[in-house]
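K.L.:
Dropping the structure in here first, questions after.
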């Protein structure tokens, strides 16, 4: 088995951990809960960033940068927000170290350099940004304000997993200000749409669009929109959220604008974000027992060319052709690696790039040169075929789209198979145990929601946006319900 | 005068501050020493990032991401490094806040959540990165390791100025590992070359290449290469540094590799970085008493089109043409803004984009429509001319290069005028007082260097790399010197 990778069916969790580390995506650092994103993993993040950034700009947003630190008193201003975020955070209390007088070569905190007010390393930036917006917004002419930030954030986590839950992670956070409630809601929904498009077109990951229950809402939001994806082990993963914040932050930070009619009112807000967690989703959605499987749209290397040779002369012959193929593919916008390293066998390279999820592998040796062909292999289906060199470029270009679509369709089919509707609590428990999305009626109370979570560990992932109204009875309380909601075990 | 901007000749420092804030580049935040980089300023940073990132990748580097926090004990490991960086830094001592029992709605630090070991918000990442490299490097096959990181860093500064010196700033930091001393030195010099190219070709800023004196070296480096630029007030600004770190960090973190011959040795290192300070350099190098002047290569808006009209019909007529021009310019890769906002007069818009440094302004009104012409104005020379619409695109494309070159040549001429050679301490003092780069002989001791600094506030900016050997006598001590070094007052 590839790099001693456990099978998904045997130990999904360990399978995931090992893919992430052995495919060189990331590793745990020496700093508790923080990860190192290695070059191969970071290259995926760069592709995600480029695609998302373009989508944000195409929808009228601009980037800016706000401070890493949030003064403690700012967090206190929005009560729900403080409740949700102040609890587990990195607190800066001092601004200097000094040499330990009793132990030369060691450093200690300089007690004289205590901050008057503690600074929190941002767990999210609503507080610092709305404090800034106060100075930027006076009139309806200043609205809408459509700003995004690419940044690192810190939330102190006790149990961490690479990409899925880390103390520090990278993300983007959009923070917008609007003149009307309607416009802010439209913005929240628009950005949920952007996230949906990104997940489906780039990660090849079908997602459910919905809103969170009051209980699961972002601290300080009136409505939290989310996209929820299903992983291969039947657990759900929240892949992105977009919050309608109402006037909560505008009130907390006193941000008012004068309308066209000269009336003074608080501004309406949204915020929305996705994180490096998406790399975890990408890994878990498509990879298999042989390692990583990457959708072409986000693969740092989309095609690898491996030369097969025994003599230096053969290598020379093959290399010339390989470099020509590389050039031709690159001209079509495909990123190609030609691996002619001389310390690894072709077999080793085959296994390596398979493990690293490179969508397409091209092998070329002396016999191929005679036949004007190459061997072309697909990572996702693990099929291979002999292809004539003169149609190779066209073929590979086509495969990029074919693999991308195929991964999406496979994930969609899996989600379909793994989605069930139940009407009784007994059936619910069985369905949850099997994994997948479970559509069931719920009476709308946090009490019931928490009780179900307590008893089954399942949470309401979302109240789906596209669900048909359907009256029924809550699986737990039997009280009336107007729509099914989606339950699942979740990451 | 534009937006009540002080003249450079009257108050250079205030002139700079006001340009940065009034051109919407950045502002001070409510967090002491930290700035908010506003969308217009951040757009310049994005252009800088894109250009530099490409140059790094073209020279074989890849990006990765390392933790924000550095455990205190890691900083202690490299003595010089600890000495240089541990002193003024943000220290995280706790990981939780709690509600104040005596004051509901307020948060206090939870004393029970004290970290066993304090974490330092990275002032630079050598320590955390070399601790990680230890796990990545075993053999010469793992070398060279050529990694760059885009990140935020924090150095507690008492006196801050937007872009030039802030507690938090954005930067890139390259960290490379090599098998030989020679290779590491070549890398340090190569990256200095990349910075030089970037400064000269993109910022249109001529720079001196040199090495720092021992006294001014990066904490932990054996050699610090730097580029030094001259601002319009005659003060020098360090625009980028590249450090040859020897085996210091490899020894501190025990990073060894086995050579081809099977010998075990410590790895050789470099690190190199440029920061958002470059935006400050950009502002100070080219701007004038009417506001910002941006080199086309880094201007977020390269050309602005302003419609001149009285009636709605005129606006419609003019807009159609303006949008066609915009499209044609964009097809040539030029970023264009068509400002048809109806709440500002053309005069206001002229002043606004002039202040914001947009390189080229195109004004078009009904009379222009009749004549098949537009009014074309250059920001740098403040000249304008009537240009036929059918040659406009070609003309603007040409202007992009012409303005870029002209800004560079103007800065180069200014540097030439402001560079002097002196042989006596009396002449040195006079020259330093006038401002500019002063080439003088120095005996090579830190003692002399510090004494000169004490008496004149001038520092040795660099020992220039391209200087001819020339024997002489130190201006202060009279001791022999083999080469002139460059003194200046500096930011």
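K.L.:
Taking region B:109-127 as the search range and keeping residues that are closer than 24 Å to residue A:74 by Cα and in a loop (DSSP other than H, G, I, E, B), which one is farthest from the other protein chains (Cβ to nearest Cβ)?
P.N.:
B:122
Every residue, every condition in (1) surrounded by fewer than 20 Cβ atoms within 10 Å (Cβ to Cβ); (2) under 25 Å from the mean Cα position of the chain (by Cα), yes or no:
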| site | (1), (2) |
| --- | --- |
| A:343 | yes, no |
| A:379 | no, yes |
| A:385 | yes, no |
| A:388 | yes, no |
| A:391 | yes, no |
| A:397 | yes, no |
| A:413 | yes, yes |
| A:422 | yes, no |
| A:426 | yes, no |
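K.L.:
Let me ask you something else. Please specify each residue of region A:128-154 satisfying the condition of being under 24 Å from the mean Cα position of the chain (by Cα) and either more than 10 Å from chain B (Cβ to nearest Cβ) or assigned to a strand (DSSP E or B) (or both).
P.N.:
A:146, A:147, A:148, A:149, A:150, A:151, A:152, A:153, A:154
K.L.:
Same structure, new question: Can you name the residue in region B:51-65 that is surrounded by 17 or more Cβ atoms within 10 Å (Cβ to Cβ), in contact with a strand residue (DSSP E or B) (Cβ under 6 Å, 6 or more places away or on another chain) and more than 8 Å from chain A (Cβ to nearest Cβ) and, of all such residues, is nearest to residue B:143 (Cα to Cα)?
P.N.:
B:61
K.L.:
Can you pull out every residue in region A:89-107 that is at pLDDT 90 or above and either facing another protein chain (nearest Cβ under 8 Å) or within 16 Å of residue B:69 (Cα to Cα) (or both)?
P.N.:
Of everything in region A:89-107, those that are at pLDDT 90 or above and either facing another protein chain (nearest Cβ under 8 Å) or within 16 Å of residue B:69 (Cα to Cα) (or both) turn out to be A:89, A:90, A:91, A:92, A:93, A:94, A:95, A:96, A:97, A:98, A:106, A:107.
K.L.:
Here's a follow-up. Could we say that residue A:86 is closer than 30 Å to residue B:104 by Cα, within 9 Å of chain B (Cβ to nearest Cβ) and surrounded by fewer than 20 Cβ atoms within 10 Å (Cβ to Cβ) here?
P.N.:
no
K.L.:
Give the residue, chosen from B:279, B:306, that is touching a helix residue (DSSP H, G or I) at 6+ places or on another chain (Cβ under 9 Å) and either free of Cβ contacts under 8 Å to residues at least 60 places away in the same chain or within 21 Å of residue B:210 (Cα to Cα) (or both).
P.N.:
That would be B:306, the only listed residue that is touching a helix residue (DSSP H, G or I) at 6+ places or on another chain (Cβ under 9 Å) and either free of Cβ contacts under 8 Å to residues at least 60 places away in the same chain or within 21 Å of residue B:210 (Cα to Cα) (or both).
K.L.:
Okay, next question. For region A:470-482, check the following and say yes or no: at least one residue is closer than 26 Å to residue A:411 by Cα and either modelled with pLDDT under 95 or outside the structural domain of residue A:224 (by TED's automatic domain parsing) (or both).
P.N.:
The answer is no; no qualifying residue exists.
K.L.:
OK, next. Given the criteria surrounded by fewer than 19 Cβ atoms within 10 Å (Cβ to Cβ) and either touching a residue at least 12 places away in the same chain (Cβ under 8 Å) or not in a strand (DSSP E or B) (or both), does residue B:351 qualify?
P.N.:
On the way: surrounded by fewer than 19 Cβ atoms within 10 Å (Cβ to Cβ): yes; either touching a residue at least 12 places away in the same chain (Cβ under 8 Å) or not in a strand (DSSP E or B) (or both): yes.
For residue B:351, the condition - surrounded by fewer than 19 Cβ atoms within 10 Å (Cβ to Cβ) and either touching a residue at least 12 places away in the same chain (Cβ under 8 Å) or not in a strand (DSSP E or B) (or both) - is met.
K.L.:
Sort out which residues of region B:212-239 are buried (at least 22 other Cβ atoms within 10 Å of the Cβ) and farther than 16 Å from residue B:283 by Cα, and write them in order of number.
P.N.:
Matches in region B:212-239: B:212, B:218, B:220, B:221, B:224, B:225, B:226, B:227.
K.L.:
Would you mind telling me which numbered condition in (1) facing chain B (nearest Cβ under 7 Å); (2) buried (at least 21 other Cβ atoms within 10 Å of the Cβ); (3) in contact with a helix residue (DSSP H, G or I) (Cβ under 7 Å, 6 or more places away or on another chain) residue A:68 fails?
P.N.:
Unmet condition: (3).
K.L.:
Here's another thing I want to ask about it. Say we look at region A:155-170 and pick out the residues that are assigned to a strand (DSSP E or B) and within 12 Å of another protein chain (Cβ to nearest Cβ); which of these is nearest to residue B:42 (Cα to Cα)?
P.N.:
Step one: filter region A:155-170 for residues assigned to a strand (DSSP E or B), giving A:161, A:165, A:168-170.
Restricting the remaining residues to those that are within 12 Å of another protein chain (Cβ to nearest Cβ) gives A:168-170.
Working: A:168: 23, A:169: 21, A:170: 18 Å.
Only one residue fits best here, namely A:170.
K.L.:
What's the total number of residues in region A:8-34 that are within 12 Å of chain B (Cβ to nearest Cβ) and within 15 Å of the chain's Cα centre (by Cα)?
P.N.:
So the answer is 2.
Residues checked against (1) at pLDDT below 95; (2) over 13 Å from residue B:475 (Cα atoms); (3) touching a helix residue (DSSP H, G or I) at 6+ places or on another chain (Cβ under 9 Å):
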{"site": "B:419", "(1), (2), (3)": "no, yes, no"}
{"site": "B:424", "(1), (2), (3)": "no, no, no"}
{"site": "B:429", "(1), (2), (3)": "no, no, yes"}
{"site": "B:433", "(1), (2), (3)": "no, yes, yes"}
{"site": "B:437", "(1), (2), (3)": "no, yes, yes"}
{"site": "B:440", "(1), (2), (3)": "no, no, yes"}
{"site": "B:448", "(1), (2), (3)": "no, no, no"}
{"site": "B:452", "(1), (2), (3)": "no, no, yes"}
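For (1) in the same structural domain as residue A:155 (by TED's automatic domain parsing); (2) touching a helix residue (DSSP H, G or I) at 6+ places or on another chain (Cβ under 6 Å), each residue gets a yes or a no:
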| position | (1), (2) |
| --- | --- |
| A:25 | yes, yes |
| A:36 | yes, yes |
| A:45 | yes, no |
| A:53 | yes, no |
| A:80 | no, no |
| A:107 | no, yes |
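K.L.:
Quickly run through region B:35-50 and pick out the residues that are crowded, with 18+ Cβ neighbours inside 10 Å and either at pLDDT below 95 or facing chain A (nearest Cβ under 10 Å) (or both).
P.N.:
B:35, B:36, B:37, B:38, B:39, B:40, B:41, B:42, B:43, B:45 - these are the residues of region B:35-50 that are crowded, with 18+ Cβ neighbours inside 10 Å and either at pLDDT below 95 or facing chain A (nearest Cβ under 10 Å) (or both).
K.L.:
Another question, then. What are the residues in region A:254-280 that are part of a helix (DSSP H, G or I) and crowded, with 24+ Cβ neighbours inside 10 Å, if any?
P.N.:
Listed by number, the residues that qualify are A:278, A:279, A:280.
K.L.:
So is residue A:77 surrounded by fewer than 18 Cβ atoms within 10 Å (Cβ to Cβ) and either more than 9 Å from every other protein chain (Cβ to nearest Cβ) or free of Cβ contacts under 8 Å to residues at least 40 places away in the same chain (or both) or not? Spell out how you get there, then give the answer.
P.N.:
Working: surrounded by fewer than 18 Cβ atoms within 10 Å (Cβ to Cβ): no; either more than 9 Å from every other protein chain (Cβ to nearest Cβ) or free of Cβ contacts under 8 Å to residues at least 40 places away in the same chain (or both): yes.
No; evaluated as a whole, the condition is false for this residue.
K.L.:
Among the numbered conditions (1) outside any helix (DSSP H, G or I); (2) under 30 Å from residue A:187 (Cβ atoms), tell me where residue A:251 comes up short.
P.N.:
The number of the failed condition is (1).
The values are calculated or read from the model by the stated rules, or taken from the named source; none is laboratory data. In this text the structure is predicted, and so the values were computed from the model without any measurement. Glycine also receives a Cβ, built like all others from the backbone with ideal geometry; neighbour counts cover every protein chain displayed.
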